[in-house]
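Here the structure is laid out as structure tokens; the discussion comes afterwards.
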Amino acid sequence: MKWSALLGLAFLTFVAVAVEGQPRRPVRTERFQIRIEAAGNELLAQRNALVIYATIERLTRAIEQQALPHSVPFRLVRASPPQTIDYLLGVTSEGTLVVGQQVYTFDLPEDRYLFTRGDIARSYPPLDRAAPWMWLVEVPLSREVNVTLELRATSPWPVRSVTITPSQTP
């Protein structure tokens, strides 16, 4: 009887240590309505996302800062290495969608995600010159899987928000 209790205690201790050693997931993932998973990675997106930036300069300044903006349209959570990439959007007056990214990498000694870098990831011309515009954004979910997101402006410039739908899923 004592051995089974000791064995049970040892098992619980092992489970607690194993769970403790796992990287903590990024906070506030509950606001994302779209979830696509592949190879342990996860793409999270809002169906209705804010476009906060109307100039490339403002977007560039924002993504270089460590603080997370209050609204992230979509996020990529990588399993290995543990990393999150938050994508921010800007739309120029010509209709070009500019996608910025903030990369956070899990730091084991700190036991949390730390800001690594922020930069412009890419830009997309609109598929149609007439506003409100539409863009197709490709996100590499894993080495084998790319997800295409369809973003549609909800109004002409200045674009305040977009609707996001996955047009291709794994």
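Considering Thr13, Thr84, which residue is modelled with pLDDT of 85 or more and not in a loop (DSSP other than H, G, I, E, B)?
Working: Thr13 fails: modelled with pLDDT of 85 or more.
After applying the criteria, what remains is Thr84.
Here are the criteria: (1) of a type outside the set (Ser, Thr, Tyr); (2) at pLDDT 95 or above; (3) in contact with a helix residue (DSSP H, G or I) (Cβ under 7 Å, 6 or more places away or on another chain); (4) in a loop (DSSP other than H, G, I, E, B). Tell me which single one Pro126 does not satisfy.
(3)
Restricting attention to the range 35-82, and to residues there that are free of Cβ contacts under 8 Å to residues at least 60 places away in the same chain and of a type in the set (S, T, N, Q), which single residue is farthest from Pro140 (Cα to Cα)?
Thr55
Taking Ser71 and the conditions (1) more than 26 Å from Asn41 (Cα to Cα); (2) part of a loop (DSSP other than H, G, I, E, B), which numbered condition does it fall short on, given that it satisfies the others?
(1)
Go through the range 129-158 and report how many residues are part of a loop (DSSP other than H, G, I, E, B) and either modelled with pLDDT under 95 or touching a Leu at 6+ places or on another chain (Cβ under 6 Å) (or both).
14
Determine, yes or no, whether Leu44 is assigned to a loop (DSSP other than H, G, I, E, B), under 28 Å from Pro156 (Cα atoms) and touching a Leu at 6+ places or on another chain (Cβ under 9 Å).
no
What number of residues in the range 53-101 are within 12 Å of the chain's Cα centre (by Cα) and among the aromatic types (Phe, Trp, Tyr)?
Number satisfying all stated conditions: 2.
Counting just the residues of the range 95-119 that are touching a residue at least 24 places away in the same chain (Cβ under 8 Å) and among the acidic types (Asp, Glu), which one comes out nearest to Thr60 (Cα to Cα)?
Asp119
Test Arg75 against the criterion of being touching an Asp or Glu at 6+ places or on another chain (Cβ under 6 Å), at pLDDT 90 or above and charged (D, E, K, R), and give yes or no.
Here the answer is yes, as Arg75 does meet what is asked.
Just checking, how many residues over the range 91-123 are assigned to a loop (DSSP other than H, G, I, E, B) and of a type in the set (Gly, Ala, Ser)?
Qualifying residue count for the region: 2.
The values are calculated or read from the model by the stated rules, or taken from the named source; none is laboratory data. For clarity, every value in this text was computed on a predicted model and none was experimentally measured. When we count neighbours, we look across all protein chains shown, and the Cβ atoms used for this are built from the backbone with ideal geometry, even at glycine.
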